[in-house]
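Notes follow the structure.
The values are calculated or read from the model by the stated rules, or taken from the named source; none is laboratory data. Quick caveat: nothing in here was measured; it's all calculated off a predicted structure. With ideal geometry, Cβ positions are generated from the backbone for all residues, glycine too; neighbour counts draw on all protein chains shown. Surface areas here come from the heavy atoms of the whole protein model, side chains and all, with no ligands, DNA or RNA. Shrake-Rupley method; radii C 1.70, N 1.55, O 1.52, S 1.80 Å.
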Amino acid sequence: MTAGARRAMMASSDADLGFKPSSAPPLNAGIAQWVAPPILAHYRQTASMAGVPGTSTPAVAAVPAVAGGREARNVTMASGDVVANLDAVAGSVVGRAAAMNGGVPPTAIIYFPRDTTSLSVAARAQVHQAVTAFQATGGTGTIKVVGHASSRTADMPVERHLEVIFQKSQARADAVAQALIKAGIPADRIQIEAVGDSQPVYYESMPKGEDGNRRAEVFVQG
């Protein structure tokens, strides 16, 4: 293609190039709860330019802000037809964890970055959160700790691979249980379970996904 032809193409409109106007339907206002404002704004801008009715309204915040800059956890869709608890939606980490526990969300999720089985400072803070929740039951409840692992290991026979994964999930559950006992929770009130890599909440195509699956979930049951 010559330089002149390239310049002519760049100066042409979409219609000149044979593109038809978008037939994308108007957005349901409730989608603002799940899609970032810049994406909504771009959709509405391009759809409006193509003459699609009902799509040129300003973008709205995906999650309303509250005092202190934190996000509100309970949000009413702009259409007014659904009230969503963002801590329980299936697309969230808490929601996916709840779906694998009969719909009950975990009280705390404790992560083990870099494939460790020991508790970090942040993890100990999560343990304290679980202790506080247990104390709120009057000390009559139980705590279930479920240990998880990523599917990543070094090269090894598949039998050893499965064994290592299970052992790591067991070690993470044990580490959290020991921390709970040290914080004053009676050992007979704690149940532990190890599930290996059978309940992932992240895809493991990236290292952060692997770290997200290396976790222990704590369920305080009254």
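Here are some notes:
- Within region 143-163, the residues that satisfy the criterion of being surrounded by 15 or more Cβ atoms within 10 Å (Cβ to Cβ) and either within 18 Å of ILE109 (Cβ to Cβ) or hydrophobic (A, V, I, L, M, F, W, C) (or both) are ILE143, LYS144, VAL145, VAL146, GLY147, HIS148, ALA149, SER150, LEU162.
- Selection status of LEU119, open to solvent by less than 60 Å² (accessible area, probe 1.4 Å) and farther than 20 Å from GLU210 by Cα: no
- Criterion applied to ARG114, ARG96 was being in contact with a helix residue (DSSP H, G or I) (Cβ under 9 Å, 6 or more places away or on another chain) and of a type in the set (Lys, Arg), and the one residue passing it is ARG114.
- Residue pairs whose Cβ atoms lie under 6 Å apart, separated by 6 or more positions or on different chains, with the first residue in region 82-109 and modelled with pLDDT under 50 and the second open to solvent by less than 60 Å² (accessible area, probe 1.4 Å) and charged (D, E, K, R), do not occur.
- Close pairs (7 angstrom Cβ cut-off, 6 or more residues apart or separate chains): closer than 13 Å to VAL93 by Cα in region 198-222, among the charged types (D, E, K, R) and open to solvent by less than 30 Å² (accessible area, probe 1.4 Å) anywhere: ALA216/ARG172
- When region 138-170 is filtered for residues that are in contact with a strand residue (DSSP E or B) (Cβ under 7 Å, 6 or more places away or on another chain) and of a type outside the set (D, E, K, R), the ones remaining, listed by number, are GLY141, THR142, ILE143, VAL145, VAL146, GLY147, HIS148, PHE166, SER169, GLN170.
- Only one entry of ARG215, ARG189 meets the criterion of being at pLDDT 90 or above, under 23 Å from the mean Cα position of the chain (by Cα) and of a type in the set (Lys, Arg), and that entry is ARG215.
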